[in-house]
């Protein structure tokens with residue numbers, strides 16, 4: 001069963017390609033696919049072993065050599081992606097991007113090279129997309145499925161049923177980071193393996209108990225590390241497909257006997273995988289022993305395939321982010337009717353000024369709609385400062401479907417929607433979004449003011465005009481005289497905006 005079934009019938013564009021770029025800590029991947037008869041058909045794949053995590057020092061600084069290698073790779077990817085509409089391609093960064101110092105500068109350079117924005121995923125969102133990709137590539141089973149993915153900088157463990165994950169965890173350990181820390185200069189020692197395995201088990205901690213108690217019917221491993229190990233074990237005759245713990249122990253002995261990566265000669269092992277094999281093997285063995293895994297079947301589908309399916313879901317208007325917003329509304333007892341009133345007014349405002357402010361309507365409408373539904377989320381904690389409470393929740397919660405940048409934009413709008421407005425709120429946003437998010441915040445502020453009565457019938461028809469540094473709002477006839485509270489509210493809003501160097505002109509005609 002495919003998430004994209006019926007895509008062609010729904011929008012008439014099912015045959016157009018879609019693309020996903022997975023900027024992993026060890027390798028960069030590009031996958032291009034197309035919906036053919038309700039099934040995803042892969043048209044092209046590209047892979048570059050960039051080894052981004054290996055270029056990070058202890059303070060999170062990337063070497064310029066690594067950055068240049070990244071930009072060259074992204075330039076090649078950009079050439080392949082040209083001709084595919086922007087809304088049909090996504091690019092994401094994972095653990096190494098999360099750990100990099102000055103990420104805004106790095107994202108600006110890499111996004112420019114790739115010619116599309118790069119979103120940085122949280123570890124849990126990365127896990128969700130990994131599970132989505134693996135689940136679509138595996139046969140249906142009765143019961144739960146455990147998925148393990150060992151990347152260059154992080155390891156994800158997910159337990160789910162069908163296409164729905166139940167438990168998602170991301171651990172700060174990967175084949176690149178562990179190979180560098182425990183097997184320096186490629187030295188393969190028994191002591192190094194023991195230290196790496198103990199460190200991995202400590203990282204897994206008490207989380208494994210939750211997985212073991214829940215149980216699973218099948219265990220699947222994704223990522224280059226696990227697939228490489230599976231290939232090696234099969235070529236050695238250690239397994240007939242699935243990975244087992246005895247086979248991992250046997251491979252461990254072979255590596256220790258070799259003493260150095262320079263002396264390792266294993267069938268099925270590629271040259272770019274050799275430097276990170278020991279770290280990945282140590283982590284996988286620790287996962288097997290901690291989780292009490294008997295066997296693990298390798299999967300070629302992983303994060304990038306999950307990213308494609310998620311993108312196709314958005315195209316079909318089956319956006320997991322919308323479900324996340326609804327879930328938050330329920331969890332924090334948001335007044336949904338008031339949220340809808342504010343949303344209608346805010347989108348009406350956007351429609352009148354989008355062209356003058358040169359706003360991308362489609363992306364802005366979605367963000368403004370989410371902000372309208374979330375602007376009172378902090379009321380569940382307290383009325384005073386609820387905009388600050390709401391912004392904190394949105395910036396720091398696990399929000400399925402949202403990248404870190406999307407959470408930051410949403411939190412900034414909610415933080416600035418009432419009381420004194422500080423332009424510093426928007427300073428941490430990327431330059432290409434800063435002005436748009438500020439403008440959306442201004443529109444939300446107006447919409448909240450006009451719906452203070454919490455009754456739909458009170459909101460009037462009005463005309464909104466964009467000014468260079470603010471807004472002009474024009475009401476019909478004597479409406480403001482008949483609604484002195486709204487008039488006072490808007491005048492107060494004008495005073496608050498002036499404090500931020502902005503203008504709100506109120507007119508009656």
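The values are calculated or read from the model by the stated rules, or taken from the named source; none is laboratory data. Remember, predicted model here, so these are calculated numbers, not experimental data. Here Cβ is always computed from backbone atoms with ideal geometry, including for glycine, and neighbour counts include all displayed protein chains.
Of note:
- Filter pass, residue 306 being closer than 30 Å to residue 234 by Cα and surrounded by 19 or more Cβ atoms within 10 Å (Cβ to Cβ): yes
Condition check ((1) at pLDDT below 95; (2) under 30 Å from residue 400 (Cα atoms)) across all residues:
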residue: 160; (1), (2): no, yes
residue: 168; (1), (2): no, yes
residue: 179; (1), (2): no, no
residue: 183; (1), (2): no, no
residue: 197; (1), (2): no, no
residue: 205; (1), (2): yes, yes
residue: 226; (1), (2): no, yes
residue: 233; (1), (2): no, no
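- Considering the range 421-503, the qualifying helices (runs of 4 or more DSSP H), each wholly inside and each with 3 or more residues that are in contact (Cβ under 8 Å) with a residue 24 or more places away in the chain and assigned by TED's automatic domain parsing to the domain that holds residue 411, run over 431-450.
- Count of the range 275-298 residues which are within 20 Å of residue 23 (Cβ to Cβ) and surrounded by fewer than 24 Cβ atoms within 10 Å (Cβ to Cβ): 1
- So residue 359, is it touching a residue at least 60 places away in the same chain (Cβ under 8 Å) and part of a helix (DSSP H, G or I): no
- When residue 323 is tested against the conditions (1) within 30 Å of residue 165 (Cα to Cα); (2) part of a helix (DSSP H, G or I); (3) in contact with a helix residue (DSSP H, G or I) (Cβ under 9 Å, 6 or more places away or on another chain), the lone failure is (3).
- Top-ranked residue in the range 1-30 [being outside any loop (DSSP other than H, G, I, E, B) and at pLDDT below 50; ranked as nearest to the chain's Cα centre (by Cα)]: 7
- Selection count, the range 212-239, where residues are in contact with a helix residue (DSSP H, G or I) (Cβ under 6 Å, 6 or more places away or on another chain) and part of a helix (DSSP H, G or I): 2
- Residue within the range 240-251 that is outside any loop (DSSP other than H, G, I, E, B), at pLDDT below 95 and buried (at least 21 other Cβ atoms within 10 Å of the Cβ) present: no
- Residues satisfying the stated conditions in the range 186-209, i.e. part of a helix (DSSP H, G or I), touching a strand residue (DSSP E or B) at 6+ places or on another chain (Cβ under 8 Å) and over 14 Å from residue 170 (Cα atoms): 186
- Restricting the range 387-420 to residues that are within 23 Å of residue 111 (Cα to Cα) and without any contact (Cβ under 8 Å) to a residue 60 or more places away in the chain, the residue that is nearest to the chain's Cα centre (by Cα): 407
- Any hit, the range 144-160, residues being in contact (Cβ under 8 Å) with a residue 24 or more places away in the chain, farther than 30 Å from residue 363 by Cα and surrounded by fewer than 17 Cβ atoms within 10 Å (Cβ to Cβ): no
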